[in-house]
Each structure stands twice: as structure tokens, then as C-alpha cells.
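Q: Structure in C-alpha cells, see below.
Every read-out reported here was derived from the displayed coordinates using simple, explicitly stated rules and does not represent laboratory data. This is a predicted model, so every value here is computed, not measured. In this analysis, Cβ positions are derived from the backbone assuming ideal geometry, glycine residues included, and neighbour counts consider all displayed protein chains.
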Amino acid sequence: MKCDLHIHSRFSGPSTLPVLRGFCLESYSEPDEVYREVKRRGMDLVTLTDHDSLDGCEALRDRADFFPSEEVTCRMPSGTEAHIGVYDLKARQHVEIQRRAQDLPALLAYLGEQELFFSVNHIFSSLTGARHEEDFCWFVDGFPAFETLNGHMLPETNRHAARLARRTEKIALGGSDAHTMNAAATAYTEVPGAANKEEFLAGLRRGYCRARGSNGSYLKTTWVSLRVMWEVLREERWTALLAPLAILVPAFTYGNFAAEQIFARHWAKRIVPSRRKRGSKRLVGTSLGTSLRPATMEKMS
């Protein structure tokens with residue numbers, strides 16, 4: 001069975017980009033539209049992973065092939081942010097998760113207590129801002145799964161995530177990270193042999209899954225950006241004054257891709273295990289639980 005484990009609707013709220021936050025949503029897709037499109041593209045199951053919200057899931061909750069999820073914006077102990085995919089959760093669990101979103105150790109403890117399955121998304125991307133070496137200690141020691149194929153990330157960014165997942169024996173997940181319908185289900189997770197939703201979710205937990213689909217590209221991201229801009233113009237007529245700025249979108253996208261590449265290479269060089277040390281699972285720069293292991297994590301052990 002196949003499912004796109006990272007996809008957004010209009011219930012993801014305002015854009016996370018500061019320059020757009022005042023007048024632009026993350027997505028303009030309605031939950032029903034998302035459902036129909038991913039099914040049309042061959043997904044057996046459907047979920048929504050809106051930012052810090054289950055509101056979009058309400059319209060789909062009664063469908064047998066749907067399960068609610070969310071992408072949680074959490075505060076790392078270093079002060080940076082990360083996006084965590086939490087899958088197949090209940091409304092009361094969402095409330096408790098949001099209460100702990102600014103305290104990663106408390107959040108991880110709650111997710112474990114509730115036996116929820118979760119992943120850290122696009123860890124080699126600057127999408128959530130700065131990164132710190134300590135963050136990778138938490139990713140490796142605290143998370144069962146990594147998103148290794150994000151449909152909007154550069155191939156190189158996804159490769160670094162996949163390589164780190166292999167070296168640290170993490171479950172590898174895929175999702176489109178679609179904010180528009182044209183990108184839906186371009187990346188997804190497959191659990192071979194699963195016959196129903198319960199078997200699919202059990203397969204995720206056991207790691208009997210694989211990430212499938214395509215990486216991001218300059219053309220895909222440029223098109224998505226233009227599509228979102230069109231939706232803004234359609235819903236907020238006053239933004240027609242900004243329409244001439246559409247000509248800058250390709251240049252903005254190119255600059256963003258260049259920055260993403262620099263960011264990914266910087267952290268891959270410092271964090272991903274070196275091939276020069278055969279058989280070593282040591283994370284360069286983090287030593288996996290020794291000198292840079294967070295003190296709070298030691299207390300949790």
C-alpha cells in the first residue's frame with residue numbers, strides 16, 4: 001500500500017516565510033481536493049500533515065482509507081526549530097502535543113508514552129532556519145524515522161538524509177510536502193504486502209517500508225511558487241498590485257536552491273558519517289552520545 005506522508009491543505013495556516021506571512025497561506029488546497037487528487041494519483045491511503053493543526057482532518061476523518069496526522073513545529077533545546085511528522089493521532093493527543101511543542105524532551109517523552117509513530121522532516125534543509133550540531137544528537141537518539149525523500153527538496157538534500165538514516169538505522173519515509181495539487185503524491189511511502197490501513201501503519205513502525213517518488217527540482221518549485229501566487233491573487237484581490245513581482249519568482253527560487261545546497265553540504269560534511277572510517281557509525285562532529293550529547297538527554301536515558 002502507498003501513502004503520501006507529507007502533504008498540506010489550507011488549514012496549515014499562514015505562510016512560514018516572514019515576507020509572506022501577513023497575506024499568504026501555506027496552501028490553498030481544500031482537504032477534499034487533496035483526498036481526491038492523491039487517490040487519483042494511485043495512493044491507497046490518505047493523510048494530511050498540516051502545520052500544528054488537525055482541523056483539515058475533520059472533513060475526512062470518517063473515510064476508511066484516511067488517518068489524521070500533523071506536522072509539528074517544535075523548539076529544539078538549542079533554540080532552533082524542527083518539523084516533526086506525527087501520524088495516526090487523536091484530537092486529545094494533538095492538544096497535548098501542542099502543549100509540549102516548545103519543549104522537545106517533554107514532547108519526545110509524550111510521543112513515546114502514547115506509542116505514537118513520528119519522524120523528523122527535511123533535516124538537511126534550512127526551511128526551519130538555523131541548525132546546531134546538538135540538534136542532530138537529538139534526531140539520532142530520539143527519533144525512530146527520518147524523512148529521506150521530500151518531493152520539494154533537492155536530490156542532494158534527500159541523499160544526505162537517506163545516508164544518515166542508513167548509517168544510524170532509522171526508518172526511511174517519503175512524502176511530497178505538497179502545498180499545491182500539481183505536486184501531490186510525487187513522493188510517498190510504500191509498505192509492500194499491507195492489505196489495509198492497520199497493516200500499513202504497523203509496517204511503518206517496524207520499518208517494513210520504502211520511500212518512493214521524485215525529488216524536488218528548480219522547475220517544480222518555481223511552478224509551485226507561481227501557483228501559490230496565483231491562488232493568493234484569486235482570493236485576495238488587493239494583492240493584484242503585487243502581480244508584477246511574479247517575474248522575480250524564478251530568481252528567488254534559484255537563490256533559495258543555492259542557499260539550500262550550501263546548507264545541506266555544510267551539515268552533511270560535519271554530521272554524516274565519514275566513509276574514510278570503514279564500519280564506523282560515528283557521527284562526525286557529534287560522537288553519538290559522548291562529548292556533545294545533551295545533558296537533558298542523558299537524564300532521559
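Q: Sort S176, S126, S27 by Cβ crowding within 10 Å, fewest neighbours at the top.
A: S126, S27, S176
Q: Report the calculated FRET efficiency for R227 and E156 (r = Cβ-Cβ distance, R0 = 22 Å), to the nearest 0.05.
A: FRET efficiency, R227 to E156: 0.35.
Q: Sort K2, K39 by Cβ crowding within 10 Å, fewest neighbours at the top.
A: Neighbour counts put them in this order, fewest first: K39, K2.
Q: Whole-Å semi-axes of the stretch 26-100's equivalent ellipsoid, largest first, each the root of 5 times a Cα gyration tensor eigenvalue?
A: For the stretch 26-100, the ellipsoid semi-axes come out as 25, 14, 10 Å.
Q: What percent of all Cα-Cα pairs in the stretch 1-135 falls in each 10 Å bin, counting up from 0?
A: All Cα pairs considered, the percentages come to 12, 41, 36, 11, 0.
Q: Enumerate the calculated ³J(HN,Hα) couplings along the stretch 190-198 in order (Karplus 6.51 cos²θ - 1.76 cosθ + 1.60, θ = phi - 60°), each rounded to whole Hz, writing x wherever the residue is Gly or Pro.
A: Calculated HN-Hα couplings, in order: 10, 10, x, x, 5, 9, 7, 4, 4 Hz.
Q: Among C24, C137, which comes first, then next, by fewest other beta-carbon atoms within 10 Å?
A: C24, C137
Q: Counting only other residues whose beta carbon sits under 10 Å from that of E30, what net charge do I get with K and R as +1, D and E as -1?
A: Neighbour charge sum, excluding E30 itself: 0.
Q: Oh, and also: Take every Cα-Cα distance within the stretch 163-265, group them into 5 Å bins from 0 onward, and report for each bin the whole-number percent of pairs it holds.
A: 2, 11, 14, 15, 16, 12, 10, 9, 6, 4, 0
Q: What pairs in K170/K197; K2/K39; K39/K197 have C-alpha atoms more than 19 Å from each other?
A: K170/K197
Q: Working from the alpha-carbon coordinates of the stretch 83-176, get Rg over Rh, Rh being the Kirkwood radius.
A: 0.96
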